[in-house]
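Any read-out appearing in this document is the output of simple, stated calculations on the displayed coordinates, not a laboratory observation. None of these values were measured; they are calculated from a predicted model. Glycine also receives a Cβ, built like all others from the backbone with ideal geometry; neighbour counts cover every protein chain displayed.
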Amino acid sequence: MNESPTIYGNRIILRKPIEQDKYDRLACGKSKEAVRMYGGDTRTLKHD
């Protein structure tokens, strides 16, 4: 079980993932910015 603490900052909250997060991520699409933000390689990104 993930026992990570929730960390509160002035403009951000870091928390352990929840089920809804994967649906929110998929809703972002595959823009270069989203792929880069999630640590992906944009050099091999195929555009629709």
Phi-derived 3J(HN,Hα) across region 9-15 with the Karplus relation (6.51, -1.76, 1.60, θ = phi - 60°), rounded Hz, x for Gly and Pro, is x, 5, 10, 8, 10, 9, 9
Under the 7 Å Cα-to-Cβ spin-label approximation, L45 and K16 lie apart by a distance in nanometres of 3.2
Ranked on Cβ counts within 10 Å of their own Cβ, fewest leading, R43, R25 go R43, R25
Phi angles of region 16-23, converted by Karplus (6.51 cos²θ - 1.76 cosθ + 1.60, θ = phi - 60°) into ³J(HN,Hα) in whole Hz with x for Gly and Pro, give 5, x, 10, 3, 5, 4, 5, 6
Options [x] 26, 13, 10; [y] 30, 12, 7; [z] 19, 16, 5 for semi-axes √(5λ) of the Cα gyration tensor in Å; the value derived from the coordinates is listed as [x]
